[in-house]
Amino acid sequence: MRIQTKTDLASLACGLTLYALLEGLILADIIPPYWQLNVIRVCIYIILATSLNLINGITGQFSIGHAGFMAIGAYMSAIMTVKLGLPFLVAILTGGLAAALLGFLIGLPTLRLSGDYLAIATLGLGEIIRITILNISYVGGASGFMGIPKYTNFTWAFLLMLFTLFFIKNFVNSTHGRACIAIRENEIAAEAMGVNTTKYKVLAFTIGAAFAGVAGALFSHNFYMAHPTSFTFMQSFDILTMVVLGGLGSMTGSIVGVIALTGISAYMADYPEIRMIIYALLLIVLMLFRPQGLFGSKEISLRIFSRLTGGERRGAAQGN
Amino acid sequence: MLIQTLVTGLAIGGIYALMAVGYSLVFSILNFSNFAYGSIIMLGAYVGYYLLMKAGLPLAVSVAGSVMGAAFLCYLNERMAYSTLRKRNAASLYFMISAMGTAIFLENLVYATIGSRFYAFPEIITQQNITFWGASIGVLDVFAIVFSFTAIYMLHYFLQHSRVGIAIRAASYDMQVCQLNGVNITRLVGWVFLLAGALAGLSGMFLGMKYMVYPTMGWITNKAYIAAVIGGLGSLPGAVVGGLILGVLETLVSTYVSSVIRDVFSFSLLVVLLLVLPTGLFGKYLEEKV
């Protein structure tokens, strides 16, 4: 069996065990309701952070409008379930597809140019989507989209998170993912080696947007309503901070970043300004002293355990 | 009606041009988007407001104070958040993240200390009108146009004729060669941020008088970024022209179409322009060099 498949199966088993453990704790009401909400939030933010990491960390572009794609997913899925009465899975897929389409349309003109254009375009995009939603009365306008059924539970959130993690992990390990990493390391060199840089940048951006849409769908079906103020630039900034804290390019880093910062925000829920000051200072200090984040672009994997026991050394080397 | 709209558009365009020039100035030297610029503008407006209303100083002194305060803050921002990165030759991604952190930090610092209240300048300054060819034109708009252009012309003169200005222009072409020729880059970057900060103070004052002074007012720099892209990132004449075009078009759209779609329009303009004219009007960087 290939090493890759082996580690994949092992990670899957770990993920499912974790799921069983947490679901058991939730069912037995050992985790109090406030923290149950936070566990679901962690799952949603892991989807958001790893998808942003694919764009910012793996491909080396700089998108700061993730909340915009999230808003598209949130509202499209809510239209599907509330207005059209379709099942939740269809709503999630529509949300993801709508966000992907928008990502494609925005990415195509902006990704051909240097990083700053994308940053400015996505910064504007987030605001534009918010303003547009504010002015569409069909989805509730400024008062928000009310009466969304609460379909999101721990099972949906965790399984979709697991799917996202596996999808992005395997994408990064594929030919396409290698091309994306090559673009990050040196775009001109990658182009000289025959990598179609625009194609891969747009591909990564579209996939990232799609998962942001999926997370948005989970988000709006978790709080009974979708409101434009949930999708401001601050939301994008939150996600960016999580990714940068964990380390641009490291998926496990993003997960750790999400857990750490969701923990902080759960404790600081009453002081939003102080929370943002902490986030912002964290970013500045990180850039000054450890710009690669906690993990750099490295991953923690199950191989660490086999390395610790000294067993799989040879196998791991073959796998590389 | 049309004249009035055009004057309002030029006034807003002048403020956009001021901000876009400040932003482009930093971009042309350090090659990154200084997202903290908006919060410097916001702080400049607060400084001006406090000098005028709380300290009771005359308007001219308050404007000068706001300009100097913002210049100092911008310089401080570079010293604390960017200079280490610059010495490490960090990628522009890290500069942008640091800038964004600074923006959020300053904005929330104002929230936590001064509060989220909106402060308005007294109506004597903001509400006077003069009649001109049958159109009623705000004195503030005329002032904004005159002062923006004076400031931009002064900057232009400084860049063309002073030693520091020539060094800045040289560094915008090639920083390393400039350094090899004996220019102290640290001092030069300090100058660039002081100049950009001074423009931020002036535009902050005008924005505060035209709209109000509040913690999130800095996000209007989004428009300055768009203006800079229209003119071509890193080009100063481009930033001026881009700012004016954006200001006039926006005002026309909000007067004759709908004020709701104004922001949507500006952004769509950006995307369309990137499709048909990616370098902008006066763009000098498109191809990356090896």
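Structure notes:
- Total residues in segment A:108-134 satisfying the condition of being open to solvent by less than 20 Å² (accessible area, probe 1.4 Å), of a type outside the set (A, V, I, L, M) and facing chain B (nearest Cβ under 7 Å): the figure is 5.
- Within the span defined as segment A:86-107, one or more residues are buried (at least 16 other Cβ atoms within 10 Å of the Cβ), facing another protein chain (nearest Cβ under 10 Å) and either not small (Gly, Ala, Ser) or not in a helix (DSSP H, G or I) (or both).
- Entry remark, segment B:39-54: residues being away from chain A (no Cβ under 14 Å) and touching an Asp or Glu at 6+ places or on another chain (Cβ under 9 Å) number 1 in total.
One line per residue, one yes/no per condition, for (1) within 29 Å of residue A:186 (Cα to Cα); (2) away from every other protein chain (no Cβ under 14 Å):
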{"position": "B:5", "(1), (2)": "no, yes"}
{"position": "B:15", "(1), (2)": "no, yes"}
{"position": "B:20", "(1), (2)": "no, no"}
{"position": "B:24", "(1), (2)": "yes, no"}
{"position": "B:37", "(1), (2)": "yes, no"}
{"position": "B:61", "(1), (2)": "no, yes"}
{"position": "B:67", "(1), (2)": "no, yes"}
{"position": "B:91", "(1), (2)": "yes, no"}
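- Residues in segment A:176-202 that are more than 21 Å from the chain's Cα centre (by Cα) and either among the aromatic types (Phe, Trp, Tyr) or within 14 Å of chain B (Cβ to nearest Cβ) (or both): A:185, A:186, A:187, A:188, A:189, A:190, A:191, A:192, A:193, A:197, A:198.
- Residue, farthest from the other protein chains (Cβ to nearest Cβ), within segment B:69-89, restricted to residues that are over 20 Å from the mean Cα position of the chain (by Cα) and touching a residue at least 40 places away in the same chain (Cβ under 8 Å): B:86
- Tallying residues that are within 13 Å of chain B (Cβ to nearest Cβ), over 23 Å from residue B:115 (Cα atoms) and open to solvent by 30 Å² or more (accessible area, probe 1.4 Å) within segment A:251-287 yields 1.
- Test for residue B:87: is it within 26 Å of residue B:147 (Cα to Cα), at pLDDT below 90 and not hydrophobic (A, V, I, L, M, F, W, C): no
Results for (1) in contact with a Cys (Cβ under 8 Å, 6 or more places away or on another chain); (2) away from chain A (no Cβ under 14 Å); (3) crowded, with 24+ Cβ neighbours inside 10 Å; (4) not β-branched (Val, Ile, Thr), shown as yes or no for each residue.
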residue: B:153; (1), (2), (3), (4): no, yes, no, yes
residue: B:160; (1), (2), (3), (4): no, yes, no, yes
residue: B:182; (1), (2), (3), (4): no, yes, no, yes
residue: B:199; (1), (2), (3), (4): no, yes, yes, yes
residue: B:218; (1), (2), (3), (4): no, no, yes, yes
residue: B:241; (1), (2), (3), (4): no, yes, no, no
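- Among (1) β-branched (Val, Ile, Thr); (2) more than 25 Å from residue B:236 (Cβ to Cβ); (3) open to solvent by less than 50 Å² (accessible area, probe 1.4 Å), the one test that residue B:63 misses: (2)
- Helices (runs of 4 or more DSSP H) completely within segment B:166-277 that count 2 or more residues being closer than 13 Å to residue B:25 by Cβ: B:185-210, B:221-231, B:236-256
- Looking across segment B:94-120 at every residue that is at the interface with another protein chain (Cβ under 7 Å from one of its Cβ atoms) and open to solvent by 30 Å² or more (accessible area, probe 1.4 Å), the one that is nearest to residue B:185 (Cα to Cα) is identified as B:94.
- Every residue from segment B:10-58 that is surrounded by fewer than 23 Cβ atoms within 10 Å (Cβ to Cβ) and under 19 Å from residue B:149 (Cα atoms): B:10
- Residues in segment A:236-250 that are within 13 Å of the chain's Cα centre (by Cα) and either at negative phi or open to solvent by 10 Å² or more (accessible area, probe 1.4 Å) (or both): A:236, A:237, A:238, A:239, A:240, A:241, A:242, A:243, A:244, A:246, A:248, A:250.
- Residues that are within 30 Å of residue B:94 (Cβ to Cβ), more than 14 Å from chain B (Cβ to nearest Cβ) and aliphatic (A, V, I, L, M) do occur in segment A:167-175, at least one of them.
- All of (1) without any contact (Cβ under 8 Å) to a residue 12 or more places away in the chain; (2) within 21 Å of residue A:236 (Cβ to Cβ) hold for residue A:199 with one exception: (2).
- Within segment A:120-173, considering residues that are of a type in the set (Ser, Thr, Tyr) and under 19 Å from the mean Cα position of the chain (by Cα), the one nearest to residue A:258 (Cα to Cα): A:164
- Residues in segment B:260-290 that are out of contact with any helix residue (DSSP H, G or I) (no Cβ under 8 Å at 6 or more places or on another chain) and more than 10 Å from chain A (Cβ to nearest Cβ) were compared, and the one that is modelled with the lowest pLDDT is B:284.
The values are calculated or read from the model by the stated rules, or taken from the named source; none is laboratory data. Bear in mind that the values here come from a model prediction, so they are computed numbers and not experimental data. Don't worry about glycine lacking a Cβ; one is built from the backbone with ideal geometry, like all the others, and counts go over all protein chains shown. The area values use the complete protein model at the heavy-atom level, side chains included, leaving out ligands, DNA and RNA. Shrake-Rupley method; radii C 1.70, N 1.55, O 1.52, S 1.80 Å.
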